[in-house]
Amino acid sequence: MLFFSYFKDLVGQEVTVELKNDLAIRGTLHSVDQYLNIKLENTRVVDQDKFPHMLSVRNCFIRGSVVRYVQLPPDGVDVDLLHDAARREARGG
Amino acid sequence: MVVGGLREFALRRSGDGSPALDESNGEELMHVQPSVAVALGSRSVESPGTLYITSRKLIWLSDVDVAKGYAVDFLSISLHAVSRDPQTYSSPCIYTQIEVVEDDEDDTESAGVLELSKIREMRLVPSDATQLDTLFDVFCECAELNPEPVEEEEEESGHNWVFSADQMVVGGGGEEDAEWQISQSPTSVIGHSNGGDESIAQPMLELRINDQRFDDAEEMVHESETKDH
């Protein structure tokens, strides 16, 4: 549940979601759920060549299982905190 | 259950023509939207039809051709969105992307036959555009009902991840605190829990007589005193 909690704190921030099919979508993180399904607002496609039909999409829902990366705002991450939290969670503590 | 993207679907109930569902597996109908046209890939729109949204999948059935229908599992729908820009598509619609397992770089049509399983984009165009937000919400709900199936593995404790070097040293030599280290890998555990009750948490990693943990407590001043060996 660590990343679910982490992403909940990022709601309202700009992120870029890169899918496993190479599509990259930038938008404002509207919400996230326990499966890391992501809803974005004000979305625009980063690379318009592969999926030009998507340009007009304002809001979208992205299935968590197709996400490859979520690119975060640089000041949105405390790497050490995240690192420690991840270790703690995996150890069952 | 084979999940493979868009496929043909023509199983209808004889009474009302609605699609036959897998009720024994808990599939239920969530929403019906009449007067919906469907556009697969870059093909032109097909209509008239009815959209049936179940807890497992999305089914479009033609209103005029009982043999024509399409279905795709929510497990295969990578994303969905409301599309309203007339420059990108003439009608407001629900835009979906379908996850396709690429085995080769075939076109969606080979030898003139439409290869449904290769369709990567599908638009659903309701004649009533005010229904788009409702449809978007139903899609969200159903997507949430269909998370990735969890493989058979222990939920909390079985992950076998290694995080740092100190997990690799059995016996934990040189650590500051006297805490027991719990091995993430059950196979390295030698030993016995008290009273045979396996819910007691902490098996010993290794039983070594000369381990510092068996040394006398720090309050003992004379370390040369006889120890229990």
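Residues of region B:17-70: accessible area per residue at 1.4 Å, in Å²? Could the numbers behind the result be given before it?
Numbers: 2320 Å² over 54 residues.
Per residue, region B:17-70 has 43 Å² of solvent-accessible surface.
Between the C-alpha center of region A:1-39 and that of region B:48-88 there is a gap of 25 Å. Mean residue ellipticity, 222 nm, helices only, chain A: the sum of -39500 (n - 2.57) across DSSP H runs of n ≥ 4, divided by residue count and rounded to 500, is -6500 deg cm²/dmol. Compared with the direct C-alpha span, the chain from B:GLU141 to B:SER47 gains 31.3 nm at full extension, assuming 0.36 nm per residue. Partner shielding of A:68-76 amounts to 0, given as the average count of beta-carbon atoms from other chains within 10 Å of each residue beta-carbon. Taking each of B:LYS68/B:LYS118; A:LYS20/A:LYS50; A:LYS50/B:LYS118; A:LYS20/B:LYS68; A:LYS39/B:LYS57; A:LYS50/B:LYS57 in turn, the alpha-carbon distance tops 24 angstrom for A:LYS20/B:LYS68; A:LYS50/B:LYS57.
Remark on B:MET30: its backbone amide H falls under 5 Å from those of B:ILE53, B:THR54, B:SER55, a criterion applied only to residues 5 or more positions apart or on other chains, H modelled at 1.01 Å from N.
Quick one: putting +1 on the C-beta of Lys and Arg, -1 on the C-beta of Asp and Glu, what dipole do you get for region A:2-92 around its Cα centre, in Debye to the nearest 20? All intermediate terms of the calculation are to be shown ahead of the outcome.
Numbers: 12 positive and 13 negative charges, 73 e Å.
Dipole size: approximately 340 debye.
Per residue of peptide B:45-53, the mean number of Cβ atoms on other chains within 10 Å of the residue Cβ is 0.
Rounded to the nearest 0.05, what FRET efficiency do B:GLN87 and A:TYR69 give with R0 = 25 Å and r taken as the Cβ-Cβ distance? Could you check? Intermediate results must be reported in sequence, preceding the final value.
Values: r = 30 Å, r/R0 = 1.18.
So, using R0 = 25 Å, E works out to roughly 0.25.
Residue by residue, region B:114-129 carries 3J(HN,Hα) couplings of 5, 8, 4, 5, 9, 5, 10, 9, 9, 10, 10, 10, x, 5, 9, 5 Hz when phi is fed to the Karplus relation 6.51 cos²θ - 1.76 cosθ + 1.60 (θ = phi - 60°); x denotes Gly or Pro. Spin-label pair B:VAL101-B:ASP22: with each label point 7 Å from Cα along the Cα-Cβ axis, the two points sit 1.5 nm from one another. Modelled label positions at A:MET1 and B:ARG12, each set 7 Å beyond Cα in the direction of Cβ, lie 4.7 nm from each other. The HN-Hα couplings worked out from phi for region A:6-11 by the Karplus form 6.51 cos²θ - 1.76 cosθ + 1.60 (θ = phi - 60°) are 5, 5, 4, 6, 8, 4 Hz, whole numbers, x standing for Gly and Pro.
The values are calculated or read from the model by the stated rules, or taken from the named source; none is laboratory data. From a predicted model like this one, the values you see are computed outputs, not experimental measurements. Every residue, glycine among them, receives a Cβ derived from its backbone with ideal geometry; neighbour counts consider all protein chains shown. For accessibility, only protein heavy atoms count, side chains too; no ligands or nucleic acids. Shrake-Rupley method; radii C 1.70, N 1.55, O 1.52, S 1.80 Å.
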